[in-house]
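What follows is one structure encoded as structure tokens, with my remarks underneath.
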Amino acid sequence: MMPFFCLSDFTKEQIMRMKVKSNQDVNDPAVKAAILQKIKQKLKEHGIADNTTMKWREQPDGMVFHKIIM
């Protein structure tokens, strides 16, 4: 009988919360893409691997960012 080995890549999920101050609609796809690109650039500068995948977490209403009234 042969031994059973289960091999898989190790993945880690990290969730970041952020507050954004902007006069633009931050839920606009172009603005979200620009913000995500800037975050990737900053993480790369701090030594985070190039094969890191980042994506927005959409809420059930389809929005990523929600306006907070203070």
Pairs where the first residue, in segment 59-70, is at negative phi and the second is outside any loop (DSSP other than H, G, I, E, B) and not hydroxyl-bearing (Ser, Thr, Tyr), C-beta under 7 Å, 6+ apart: Val64/Lys32
Take the conditions closer than 23 Å to Phe65 by Cα, surrounded by 10 or more Cβ atoms within 10 Å (Cβ to Cβ), β-branched (Val, Ile, Thr) and in contact with a helix residue (DSSP H, G or I) (Cβ under 9 Å, 6 or more places away or on another chain) and apply them to Val31. Does it pass? no
Can you confirm whether segment 29-39 contains a residue that is assigned to a loop (DSSP other than H, G, I, E, B) and either hydroxyl-bearing (Ser, Thr, Tyr) or over 14 Å from the mean Cα position of the chain (by Cα) (or both)? no
Any residue in segment 47-58 that's surrounded by 10 or more Cβ atoms within 10 Å (Cβ to Cβ): show its pairings with residues that are part of a loop (DSSP other than H, G, I, E, B) at Cβ separation under 8 Å, as long as the two are six or more apart or on different chains. Trp56/Val64; Glu58/Val64
Condition test on Arg57, is it in a loop (DSSP other than H, G, I, E, B) and at pLDDT 90 or above? yes
Output the qualifying pairs, or none if there are none: Cβ atoms under 6 angstrom, residues six or more apart or on different chains, first residue in segment 13-25 and over 19 Å from Met54 (Cβ atoms) and at pLDDT 85 or above, second residue among the aliphatic types (A, V, I, L, M) and surrounded by 10 or more Cβ atoms within 10 Å (Cβ to Cβ). Gln24/Val31
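The values are calculated or read from the model by the stated rules, or taken from the named source; none is laboratory data. Just so it is clear, the model here is predicted, and its values are computed rather than measured. We place every Cβ from the backbone using ideal geometry, glycine too, and count neighbours over all the protein chains shown.
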